[in-house]
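Reviewing the structure listed below.
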Amino acid sequence: MVIDNFDKVRKYLVFDRDNDPDTFYYVQILQRRKDEGVTIKKNCKMIRSYYITSLRYWDDHEEQIKELCRTFKARAYVHLNPRSWKKCVLMAFGELATYLRSNQCSSLRKLTEEMAGKYIADGANKTWIVDIDSKDENFINEVADVVNDCMPKGNKIVDLIPTKNGYHLITKPFNLMEFRKVYREGEIDIQKNNPTLLYYEN
């Protein structure tokens, strides 16, 4: 099984290096213990991260990302919501005090990755992920209809990204309380700031 979403994702990466050099997109290569052939003690292990600052950088590193996934039997994930270098640095100041108080100074090397994973750039056109663990087309269309019926009414579907067990329905934000009247917590997961699958090969 090969899931390659590079072309699908590329068209959503927006850069304006002349007027906004602060924006980047965050890519993670992760080993997951539940995947075939992976023997790690933790549920998940970071192999490498990338900070995508241009389409050229994206294109230049595509094959390297795929090769690392194949080598380590890992998955590549991408955050579709853009990140801000400035915001990451500002938020890191607060985290530094926490690191010092808890005497975790040796973990400082992980701080950049932690900030990039948490904080969306201000003013970004945010997207959410509706995690559908099914490949049933009728069910997927049913969920999409429910999303579009939630306030604000109208088409909020951005794209459908294949995953190992189903799809990530990429949407604009919507009224979650209305959605939960149809699909309860635990039936379908809504992810407001999580990455979607970029590449996986088994």
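Structure data summary
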| quantity | calculated |
| --- | --- |
| Relative contact order computed over segment 1-93 (Cα-Cα under 8 Å; 6+ residues apart), in percent | 36 percent |
| Peptides 164-171, 84-91 ordered by average Cβ neighbours within 10 Å, highest first | 164-171, 84-91 |
| Where Rh is the Kirkwood radius over Cα pairs, Rg/Rh for segment 128-193 | 0.91 |
| Phi to ³J(HN,Hα) by Karplus 6.51 cos²θ - 1.76 cosθ + 1.60 over segment 188-202, Hz, x for Gly, Pro | 9, 8, 9, 10, 8, 8, 10, x, 10, 6, 9, 7, 8, 9, 10 |
| Average Cα contact separation per residue, the chain, under 8 Å, 6 or more apart, as relative contact order % | 28 percent |
| Alpha-carbon Rg/Rh ratio, for the chain, with Rh computed the Kirkwood way | 0.98 |
| Spacing of the two label points (7 Å from each Cα toward its C-beta) at Arg33 and Arg10, in nm | 3.7 nm |
| Full-stretch length increase - Asp136, Leu160 - with 0.36 nm per residue and alpha-carbon distance subtracted | 7.4 nm |
| Of the DSSP H helices in the chain, those whose Cα atoms cover at least 20 Å axially and whose Kyte score averages -0.5 or more | 85-101 |
| Filtered GluC sites (Glu not before Pro), segment 20-122: DSSP coil and at most 14 other beta carbons within 10 Å | Glu36 |
| GluC sites (Glu not before Pro) lying in DSSP loop within segment 139-202, provided at most 15 other Cβ fall within 10 Å | Glu185, Glu187 |
| Cβ-based charge dipole, segment 128-193, positive-most Cα from Pro162, Gly186, Pro152 | Pro152 |
| Charge dipole magnitude, Cβ of K and R +1, D and E -1 - segment 128-193, Cα centre, debye nearest 20 | 260 debye |
| Summed residue charge, Cβ within 12 Å of Lys87's Cβ, Lys/Arg positive, Asp/Glu negative | +1 |
| Sum of side-chain charges, Glu63 neighbourhood, beta-carbon under 13 Å (Lys, Arg +1; Asp, Glu -1) | -4 |
| J(HN,Hα) series, segment 157-165, from Karplus relation 6.51 cos²θ - 1.76 cosθ + 1.60, nearest Hz, glycine and proline x | 7, 8, 6, 10, 9, x, 10, 5, 10 |
| Whole-angstrom gap from segment 81-144 to segment 162-180, using each part's C-alpha centre | 17 Å |
| Long-range amide H partners of Ala121 with built H, under 5 Å | Arg83, Ser84 |
| Net charge of Cβ neighbours under 9 Å - reference Leu30; Lys, Arg +1; Asp, Glu -1 | +3 |
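A short reminder: the numbers here are calculations on the coordinates, not readings from a lab. All figures in this text were calculated on a predicted structure; none of them were measured in a lab. Note that each Cβ is placed from the backbone with ideal geometry, even for glycine, and that neighbours are counted across all protein chains shown.
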